[in-house]
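K.L.:
Attaching a single structure in structure tokens format; questions to follow.
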Amino acid sequence: QPVDGFMGALPESQIKAFIESLAGDTGPSPAEELIGLGREAYEAGDLPRAAQAFAQAVQEEPGHPAAVGGLARCYIDTGDLERARQTLSLVRPDARNDPEIAAAEAALSLAEKAGDLGDAGELKARLEKNPKDHQARFDLALALNARGDKEGAVDELLIIVEYDRNWNDEAARKQLVEFFEAYGPKHEATLSGRRRLSSILFS
């Protein structure tokens, strides 16, 4: 007797999930275990070990978005942006909009922008002379983000939104959205930044 079924064609990932739901919980796959190891190493700052785990996960399950995104992040953090871009192209077609891939693509975009920035000290000096130099503040936000100061980067963009939310076709708000996507929905800078942005826009 049939116990369940589905209509039409489904992506491979959904078919696997369907089969697993019938077979019962079989535990994490080898790729998922490697991704877990990669994330632990990444959080600990051990990029070589993280990259190795993510790369092995990609071999186990080609195109897995978490594995591809994690490996791309490792390349971004070591400054190898070209290899990061090549890695992101390996994601399977049905997972191109996966949050892991979106976050890695946003991080890559931010890293590319940071390469064209001036010195943070010079940008701060410009702001001391003119606090409404929005371009200097915008560039400073990107520079701070590149140095890992996520909260500081968000603060600078929120100041621009407070001064003039429509400046440069809402560039500050759009850049905040890219920051939040790169940081992930659970990062404190994202959570507090979204709350403060909403407060400014809807006050």
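K.L.:
Of all residues in region 182-193, how many are at pLDDT 95 or above and either touching a Pro at 6+ places or on another chain (Cβ under 9 Å) or not in a helix (DSSP H, G or I) (or both)?
P.N.:
1
K.L.:
Would you point out which residue out of 92, 73 is of a type in the set (D, E, K, R), at pLDDT 95 or above, closer than 19 Å to residue 185 by Cα and under 19 Å from the mean Cα position of the chain (by Cα)? Give the derivation first.
P.N.:
Numbers: 92 fails: closer than 19 Å to residue 185 by Cα.
Just one listed residue meets the conditions, 73.
K.L.:
Next question. In this structure, is residue 173 at pLDDT 95 or above and of a type in the set (Lys, Arg)? Before you say what the answer is, go through the steps one by one.
P.N.:
On the way: at pLDDT 95 or above: yes; of a type in the set (Lys, Arg): yes.
Criteria met by residue 173.
K.L.:
If you don't mind, another one. For region 122-166, what are the residues that are small (Gly, Ala, Ser) and in a helix (DSSP H, G or I)?
P.N.:
Just the residues of region 122-166 that are small (Gly, Ala, Ser), to begin with: 125, 136, 141, 143, 146, 148, 152-153.
Answer for region 122-166, where residues must be small (Gly, Ala, Ser) and in a helix (DSSP H, G or I): 125, 136, 141, 143, 146, 152, 153.
K.L.:
With 141, 111 as the choices, which residue is under 28 Å from residue 82 (Cβ atoms), buried (at least 16 other Cβ atoms within 10 Å of the Cβ) and at pLDDT 95 or above?
P.N.:
Working: 111 fails: at pLDDT 95 or above.
Answer to the selection: 141.
K.L.:
When you go through (1) in contact with a helix residue (DSSP H, G or I) (Cβ under 7 Å, 6 or more places away or on another chain); (2) more than 20 Å from residue 176 (Cβ to Cβ) one by one for residue 142, which number turns out not to apply?
P.N.:
(2)
K.L.:
Next question. Is one or more of the residues making up region 23-30 surrounded by 15 or more Cβ atoms within 10 Å (Cβ to Cβ) and either touching a Cys at 6+ places or on another chain (Cβ under 9 Å) or part of a helix (DSSP H, G or I) (or both)? Quick ask: steps written out before the conclusion?
P.N.:
Taking region 23-30 first, the residues surrounded by 15 or more Cβ atoms within 10 Å (Cβ to Cβ) are 29.
Subsequent filtering for residues that are either touching a Cys at 6+ places or on another chain (Cβ under 9 Å) or part of a helix (DSSP H, G or I) (or both) retains none.
No, region 23-30 contains no residue that is surrounded by 15 or more Cβ atoms within 10 Å (Cβ to Cβ) and either touching a Cys at 6+ places or on another chain (Cβ under 9 Å) or part of a helix (DSSP H, G or I) (or both).
K.L.:
The conditions are (1) of a type in the set (Lys, Arg); (2) closer than 30 Å to residue 97 by Cα; (3) exposed (fewer than 13 other Cβ atoms within 10 Å of the Cβ), and residue 165 fails exactly one of them. Which is it?
P.N.:
(3)
The values are calculated or read from the model by the stated rules, or taken from the named source; none is laboratory data. A quick note: this is a predicted structure, and the numbers were derived from the prediction, not measured. As a convention, Cβ positions derive from the backbone with ideal geometry for all residues, glycine included, and neighbour counts pool all protein chains shown.
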